[in-house]
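*Asks:* Take this structure, written in structure tokens, and hold onto it; I'll ask about it next.
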Amino acid sequence: NNGVDSIREIVDEVSFSPAEGKYKVYIIDEVHMLSKGAFNALLKTLEEPPSYVIFILATTEPNKLPVTILSRCQRYDFKRISQEGIIGRLEKICKEQGLSYELPALAFLAQKSDGAMRDAISLLDQTLASCGDTLTLSASRAATGSIDKEFIETFAQNIIRSDGAEILRQVSVLFSEGR
């Protein structure tokens, strides 16, 4: 829906006040994908939107938006959430659910989520589904398909010793575990 017709449809709808609530909110995701004609169709409405209309233009590439559009918008850049912030939220969720947990497991999930709270909560859910009411570091690693540090160290030692049989055994273990 990135063409002129889609935007014209929105522009036509904007002239009607909301049937419920105080505002009509239009979220245009990946707005940088709009065609030049679509941007031009949207421009007039962005210049003088009705008081009951809010446009949210979401993009990961603001540099691709025309200057005429950018000049009519308030810009909010969202950043990744700190690892400490994610750990704190995961800890709160665990406490609210009455779950026991290891702090290193929460730190591991926070690191794997790469600053995205939704991903961290999804990883927490996946881990809990497989391990029950106690969240451990090993369960977190297993649920995410990650390899623990000891395995990597042993693997590296086997490479250094040129122990081909043991390397193949370790690879077989990884493969059988679906990692």
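*Asks:* Whose amide H sits under 5 Å from the amide H of LEU135, counting only residues 5 or more places off or on another chain, with H placed in the peptide plane?
*Replies:* Excluding prolines and chain starts, which carry no amide H, the hits are SER100, TYR101, GLU102.
*Asks:* From Cα pairs below 8 angstrom and at least 6 apart in sequence, can you work out the relative contact order of the chain, rounded to a whole percent?
*Replies:* 15 percent
*Asks:* What is the magnitude of the charge dipole of the chain about its Cα centre, with +1 placed on the Cβ of each Lys and Arg, -1 on the Cβ of each Asp and Glu, and no other charges, expressed in debye to the nearest 20?
*Replies:* Dipole about the Cα centre, nearest 20: 360 debye.
*Asks:* Something else about it: Could you work out what % of the accessible surface of the range 1-102 is carbon and sulfur, using a 1.4 angstrom probe and leaving DNA, RNA and ligands out of the count?
*Replies:* Heavy-atom surface of the range 1-102 belonging to carbon and sulfur, 1.4 Å probe: 50 percent.
*Asks:* Also, quick follow-up: Counting heavy atoms of the protein chains only and a 1.4 Å probe, report the per residue accessible area for the range 1-116 as a whole number of Å².
*Replies:* 67 Å²
*Asks:* What are the ³J(HN,Hα) couplings of the range 131-136, residue after residue, when phi is run through the Karplus curve with 6.51, -1.76, 1.60 and θ = phi - 60°? Round to Hz, x for glycine and proline.
*Replies:* 10, x, 8, 10, 8, 10
*Asks:* Here's something else I'd like to know. Straight-line reach from LYS79: which aspartates and glutamates have a Cα under 18 Å away, not including same-chain ones fewer than 8 places off?
*Replies:* Of all the aspartates and glutamates, those that pass the test against LYS79 - Cα under 18 Å, at least 8 places apart if same chain - are ASP29, GLU30, GLU61, ASP114, ASP119.
*Asks:* If exposed chymotrypsin sites (Phe, Trp or Tyr not before Pro) are those in a DSSP loop with at most 16 other Cβ within 10 Å, what is the longest stretch of the chain that has none?
*Replies:* Longest stretch, sites excluded: 79-179.
*Asks:* Out of ALA38, ALA19, ALA107, any idea which swings most in a Gaussian network model of the chain, alpha carbons joined below 10 Å?
*Replies:* Of ALA38, ALA19, ALA107, the Gaussian network model singles out ALA19 as fluctuating most.
*Asks:* Would you kindly derive the ³J(HN,Hα) couplings of the range 4-12 from the backbone phi angles with the Karplus curve 6.51 cos²θ - 1.76 cosθ + 1.60 (θ = phi - 60°), listing them in order in whole Hz, with x for Gly and Pro?
*Replies:* 4, 4, 5, 5, 4, 4, 5, 4, 5
*Asks:* Using 0.36 nm times the number of residues separating THR154 and ALA116, minus their current alpha carbon distance, what extension gain do you get?
*Replies:* Extending this stretch completely gives an extra 10.5 nm.
*Asks:* Cα-Cα over 30 Å: which of LYS36/LYS112; LYS22/LYS112; LYS22/LYS44; LYS44/LYS64; LYS64/LYS149; LYS92/LYS149? Let's see the in-between values first.
*Replies:* Numbers: LYS36/LYS112 38 Å; LYS22/LYS112 40 Å; LYS22/LYS44 22 Å; LYS44/LYS64 19 Å; LYS64/LYS149 42 Å; LYS92/LYS149 27 Å.
Long pairs (Cα-Cα over 30 Å): LYS36/LYS112; LYS22/LYS112; LYS64/LYS149.
*Asks:* Karplus couplings for the range 15-32 from phi (6.51 cos²θ - 1.76 cosθ + 1.60, θ = phi - 60°), rounded to Hz, Gly and Pro as x?
*Replies:* Listing the rounded values in order: 5, 9, 5, x, 6, 10, x, 8, 10, 9, 10, 10, 10, 10, 7, 6, 4, 5 Hz.
The values are calculated or read from the model by the stated rules, or taken from the named source; none is laboratory data. The structure displayed is predicted, hence computed values, not measured ones. Here the Cβ is made from the backbone with ideal geometry for all residues, glycine too, and neighbour counts use every protein chain on show. Surface areas here come from the heavy atoms of the whole protein model, side chains and all, with no ligands, DNA or RNA. Shrake-Rupley method; radii C 1.70, N 1.55, O 1.52, S 1.80 Å.
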